[in-house]
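Here the structure is laid out as structure tokens; the discussion comes afterwards.
The values are calculated or read from the model by the stated rules, or taken from the named source; none is laboratory data. Being a predicted model, the structure only gives us computed values, none of them experimental. Cβ sites come from the backbone with ideal geometry, for glycine too, and all protein chains shown count toward neighbours.
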Number of protein chains: 2
Amino acid sequence: MIRKTRLFTPGPTPLLPAAQFAMAAADIHHRTPEFRALYLRVLDQLKTFVGTKNDVLLLASSGTGAMEASVSNLTSPGDRVLVLSAGKFGERWEALAKAFGCSVDVVKVPYGQTFSLDEVRKALKTETRAVFMQATESSTGVRHDVQGVAALLKTANSNSLLVVDAITGLGTTHFDVDTWGVDIMIGGSQKAVMIPPGLSYLSVSDRAWQAMESSRNPRYYFDLRKERKNAKNGESAYTPAVALIAALGAALDYIAAQGGGDLAVGRKALVDNAETCAAMTRAAVEALGLKLFAPDAPAAAATAVLPPDGVDSGVVVKELKSRFAAVITNGQGEMKGQIFRIAHIGFFDYMDTIAIVGALEQVAASSLKLPGFEFGKALAVAQKAYVERTAKPASEKLEAVGAR
Amino acid sequence: MIRKTRLFTPGPTPLLPAAQFAMAAADIHHRTPEFRALYLRVLDQLKTFVGTKNDVLLLASSGTGAMEASVSNLTSPGDRVLVLSAGKFGERWEALAKAFGCSVDVVKVPYGQTFSLDEVRKALKTETRAVFMQATESSTGVRHDVQGVAALLKTANSNSLLVVDAITGLGTTHFDVDTWGVDIMIGGSQKAVMIPPGLSYLSVSDRAWQAMESSRNPRYYFDLRKERKNAKNGESAYTPAVALIAALGAALDYIAAQGGGDLAVGRKALVDNAETCAAMTRAAVEALGLKLFAPDAPAAAATAVLPPDGVDSGVVVKELKSRFAAVITNGQGEMKGQIFRIAHIGFFDYMDTIAIVGALEQVAASSLKLPGFEFGKALAVAQKAYVERTAKPASEKLEAVGAR
């Protein structure tokens, strides 16, 4: 049978056709008025998308590049920093901070869990220069309490900067960067903005700019001050990834169109969309008799699921691929074989979600011996979850999600 | 919520990405060796796709152009011809034959039905020069008995030519053009070959070429003899639709790949694919408590469904579009408001089919008061139909379908 390749992965995510067309048409030189106009427009749109009045910069790098830029621009060798770690990407903060000579404290909780604010409070030192965390830990499908950590820092240690890897959090979670006080907020192109990998972006607060003046770690390609200076004139410090920037502009236009022309409204609708796909998927998975890996703090970016006892999660990943060309992800690092993950971040809709649940039932029927399995049961639960979420007025829904 | 536009229409059908890329890259002039190589390759592949040793020609026109070419090249004013009509496209044959001055006999059966061979036998005259029919009537989702009509002509009137509009039949039904004796078999680009509208193609038998020598109807753009002469050198008589031809080449390569590199096997797999999507959809629709419009001779190209009594089928069409961006078709002509049609022809897979059934259930839940409706019931039935069809060895399935 025909099998169309479909990504259900938390990055890269499915590509937006309008962005693909813009990317294919991006035959412009980067030191021209045409590019400068595009660049200034995209940087301005990104501020709205991140939801901040802070500068937002674009880098020709993966998200890890922006993570490195945060460390190298904000810290000096010997600085004490705190990493909140609950998975593979938390561990990356730790490795990065160590690579740049920081003295790293870590709040570490098991994969699948999030940390309590109490644990964070205890680990904070007077001299903690910065706290590094994820908004959502993509490797486990867990959402962390950025708002809570930000509030805690304000009262407990107002000198410490807060750096948030929101690579899978932006576009799947509601943030208020400026009110909460997030100093650096990081995003990536292959996530909720529905374009291929190759770009990262980050918002930088006034406090962070000031901190950079005294930071003594080496940086050149990721020198944010140089990037900011050039950005004011619509230029990048080094050769920009032109086609991806054109694609990003088209994607932000699409997100704005989802909000009736208002990008801030469109951003909320995008979060709401991921929440609906996630709610449908979580309900379906539980109806199958499978367990969520992160039932208490599930991220809307992706749903992580435990296979039945004694079954390697790779079986589900492989069968969805070989039988339906649907690409989901296995666990990463130590979680490999332990969980599988279905993404909702970015360009997914009702029909995608029904389709992946249908295919998952098909795999369950043939390969997971689930007691009481019946075709259509998980699908029906997903459909009802959709009805429940879409029945509420949009304003009520947005508030409810934002309040979490 | 995000709604991705998806066509479930029996032409245009969803586009194959590889064909889209080939189309976008088709920056070649048509009087060059590059184009000639492409054209000869595509014409050769089309012979395999149609399944014939006859010449196959391409026209820069919609399918109706190839229908007109059949009439204008084979008939003379005053010729007696027989049209087998069971819907909008049967009526088109009648109108075309009249436009070219033929004396037209018609076997006409109600929309949703097919004709018996007995009715055809009775309508055949000794002087009937040609019989015009559809392989499947797209407007009603009915499959006609091409093999039966062809066999009947061989015994009852071996002088009569058989012209088959297989525009939605090719790639959804098994044919044996040469053994059965189909003189002209017509296809269109926006159908099973998964590319946009703008091309038609037709196979022409030796008998048909001979008949053209004595035909006195006027033709210029659609002069098939001129087209054949040019085609032997890899050229078209008039400017060809280069980008669509490049797309067609890519699509035929894809279909061949579905058959492990063998286009004849890929063509069978494509028919089997449409049959599976159709079987899933028919089972689902009946599980909802809706009635098929053509239960006795359903085409695999599309499934036509009767809405509940008192409900305009446009309600289903509109709601699927507005709520899920899924485009299905209403009835055409006198059937408008009476049926809706979900297509399976071309680039559809399991996940598409599950998704449209899921969305249809959602519309049923909110707008069709169906007794005993339950979420997931139609989906489960579709899933089981999939299991049943895919459980059999492929060879067995193909024979079973071919034998009908």
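Any idea how many residues of the range B:117-147 are within 21 Å of B:Arg80 (Cα to Cα) and within 24 Å of the chain's Cα centre (by Cα)? Break it down into steps so the answer makes sense when it comes.
Quick first cut of the range B:117-147, residues within 21 Å of B:Arg80 (Cα to Cα) only: B:117-134, B:146.
Right, trim to within 24 Å of the chain's Cα centre (by Cα) and you get B:117, B:119-120, B:130-134, B:146.
Looking only at that region, the number is 9.
Can you pull out the residues in the range B:325-363 that are assigned to a helix (DSSP H, G or I) and among the β-branched types (Val, Ile, Thr)? Reasoning before the result, please.
Initially, the range B:325-363 is screened for residues assigned to a helix (DSSP H, G or I), giving B:333-335, B:350-363.
Once the filter is applied, which keeps residues that are assigned to a helix (DSSP H, G or I) and among the β-branched types (Val, Ile, Thr), the range B:325-363 yields B:Thr353, B:Ile354, B:Ile356, B:Val357, B:Val363.
For (1) touching a strand residue (DSSP E or B) at 6+ places or on another chain (Cβ under 9 Å); (2) part of a loop (DSSP other than H, G, I, E, B); (3) within 14 Å of chain B (Cβ to nearest Cβ), each residue gets a yes or a no:
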| site | (1), (2), (3) |
| --- | --- |
| A:Met1 | no, yes, yes |
| A:Pro10 | yes, yes, no |
| A:Ala19 | no, no, yes |
| A:Ala22 | no, no, yes |
| A:His29 | no, yes, no |
| A:Phe35 | no, no, no |
| A:Tyr39 | yes, no, no |
| A:Asp44 | yes, no, no |
| A:Phe49 | yes, no, no |
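Do we find that A:Gly63 is in contact with a strand residue (DSSP E or B) (Cβ under 8 Å, 6 or more places away or on another chain) and surrounded by fewer than 19 Cβ atoms within 10 Å (Cβ to Cβ) in this structure?
Values: in contact with a strand residue (DSSP E or B) (Cβ under 8 Å, 6 or more places away or on another chain): yes; surrounded by fewer than 19 Cβ atoms within 10 Å (Cβ to Cβ): no.
So A:Gly63 fails the test.
Mind checking which residues of the range B:162-177 are more than 8 Å from the chain's Cα centre (by Cα) and closer than 15 Å to B:Gly141 by Cβ?
Listed by number, the list holds a single entry, B:Thr173.
In the range B:364-375, what residues are assigned to a helix (DSSP H, G or I) and within 11 Å of chain A (Cβ to nearest Cβ)? Let's see the steps before the verdict.
Restricting attention to the range B:364-375, the residues satisfying the condition of being assigned to a helix (DSSP H, G or I) are B:364-367.
Answer for the range B:364-375, where residues must be assigned to a helix (DSSP H, G or I) and within 11 Å of chain A (Cβ to nearest Cβ): B:Ala364, B:Ala365, B:Ser366.
Would you call B:Val305 β-branched (Val, Ile, Thr), in contact with a helix residue (DSSP H, G or I) (Cβ under 6 Å, 6 or more places away or on another chain) and within 17 Å of A:Tyr350 (Cα to Cα)? Explain how you work it out, then say what you get.
Details: β-branched (Val, Ile, Thr): yes; in contact with a helix residue (DSSP H, G or I) (Cβ under 6 Å, 6 or more places away or on another chain): yes; within 17 Å of A:Tyr350 (Cα to Cα): no.
The answer is no for B:Val305.
Do you know which residues across the range B:327-355 are within 11 Å of chain A (Cβ to nearest Cβ) and touching a Cys at 6+ places or on another chain (Cβ under 9 Å)?
Those that are within 11 Å of chain A (Cβ to nearest Cβ) and touching a Cys at 6+ places or on another chain (Cβ under 9 Å): B:His344, B:Phe348, B:Asp349, B:Tyr350, B:Asp352, B:Thr353.
Does A:Phe35 satisfy being within 17 Å of A:Asn233 (Cβ to Cβ), buried (at least 20 other Cβ atoms within 10 Å of the Cβ) and of a type outside the set (Val, Ile, Thr)?
On the way: within 17 Å of A:Asn233 (Cβ to Cβ): yes; buried (at least 20 other Cβ atoms within 10 Å of the Cβ): yes; of a type outside the set (Val, Ile, Thr): yes.
Here the answer is yes, as A:Phe35 does meet what is asked.
Among (1) surrounded by fewer than 19 Cβ atoms within 10 Å (Cβ to Cβ); (2) over 26 Å from A:Leu199 (Cα atoms); (3) free of Cβ contacts under 8 Å to residues at least 40 places away in the same chain, which single condition is A:Arg80 missing?
Evaluating A:Arg80 over (1) surrounded by fewer than 19 Cβ atoms within 10 Å (Cβ to Cβ); (2) over 26 Å from A:Leu199 (Cα atoms); (3) free of Cβ contacts under 8 Å to residues at least 40 places away in the same chain leaves (3) as the failure.
Given the conditions (1) in a helix (DSSP H, G or I); (2) touching a helix residue (DSSP H, G or I) at 6+ places or on another chain (Cβ under 6 Å), which single one is not true for A:Leu162?
(1)
Scan the range B:106-118 for residues that are over 14 Å from B:Gly333 (Cα atoms), surrounded by fewer than 18 Cβ atoms within 10 Å (Cβ to Cβ) and either in contact (Cβ under 8 Å) with a residue 60 or more places away in the chain or not β-branched (Val, Ile, Thr) (or both) and report the count.
5
Checking the structure you have, find out if any residue of the range B:10-30 is charged (D, E, K, R) and in contact (Cβ under 8 Å) with a residue 24 or more places away in the chain. So that I can check it myself, show each step before the final result.
Here is the first cut: in the range B:10-30, the ones charged (D, E, K, R) are B:27.
With the extra rule that they be in contact (Cβ under 8 Å) with a residue 24 or more places away in the chain, the set shrinks to none.
Scanning the range B:10-30 turns up no residue that is charged (D, E, K, R) and in contact (Cβ under 8 Å) with a residue 24 or more places away in the chain.
Quick one: which of B:Leu124, B:Leu96 is among the hydrophobic types (A, V, I, L, M, F, W, C), over 20 Å from B:Ala150 (Cβ atoms) and surrounded by 15 or more Cβ atoms within 10 Å (Cβ to Cβ)? Explain how you work it out, then say what you get.
Numbers: B:Leu124 fails: over 20 Å from B:Ala150 (Cβ atoms).
Only one candidate qualifies: B:Leu96.
When the range B:311-348 is examined, which residues are found to be of a type in the set (Asp, Glu) and surrounded by 23 or more Cβ atoms within 10 Å (Cβ to Cβ)?
Taking the range B:311-348 as the starting set, the residues that turn out to be of a type in the set (Asp, Glu) are B:312, B:319, B:334.
Within the range B:311-348, none qualify.
Tell me yes or no: at least one residue of the range A:208-221 is outside the structural domain of A:Val142 (by TED's automatic domain parsing) and among the acidic types (Asp, Glu). If you could, list the steps in order and put the result at the bottom.
First, pick out the residues of the range A:208-221 that are outside the structural domain of A:Val142 (by TED's automatic domain parsing): none.
No, every residue in the range A:208-221 fails to be outside the structural domain of A:Val142 (by TED's automatic domain parsing) and among the acidic types (Asp, Glu).
Looking only at the range A:312-326, how many residues end up being away from chain B (no Cβ under 14 Å) and not polar (S, T, N, Q)? Reasoning before the result, please.
At the first step, the residues of the range A:312-326 found to be away from chain B (no Cβ under 14 Å) are A:312-318.
Subset that is not polar (S, T, N, Q): A:312, A:314-318.
Qualifying residue count for the region: 6.
For B:Asp296, indicate whether it is within 10 Å of chain A (Cβ to nearest Cβ) and under 20 Å from the mean Cα position of the chain (by Cα). First the steps, then the outcome.
Working: within 10 Å of chain A (Cβ to nearest Cβ): no; under 20 Å from the mean Cα position of the chain (by Cα): yes.
Spelling it out, it is not the case that B:Asp296 is within 10 Å of chain A (Cβ to nearest Cβ) and under 20 Å from the mean Cα position of the chain (by Cα).
I need the full set of residues from the range B:289-306 which are outside any strand (DSSP E or B) and either surrounded by fewer than 22 Cβ atoms within 10 Å (Cβ to Cβ) or free of Cβ contacts under 8 Å to residues at least 40 places away in the same chain (or both), in order please. I'd like the intermediate steps shown before the answer.
So in the range B:289-306, the residues outside any strand (DSSP E or B) come out as B:289-290, B:293-297, B:299-301.
Matches in the range B:289-306: B:Gly289, B:Leu290, B:Pro295, B:Asp296, B:Ala297.
So, in the range B:328-350, exactly how many residues are out of contact with any strand residue (DSSP E or B) (no Cβ under 9 Å at 6 or more places or on another chain) and among the hydrophobic types (A, V, I, L, M, F, W, C)?
Within the range B:328-350, residues that are out of contact with any strand residue (DSSP E or B) (no Cβ under 9 Å at 6 or more places or on another chain) and among the hydrophobic types (A, V, I, L, M, F, W, C) number 2.
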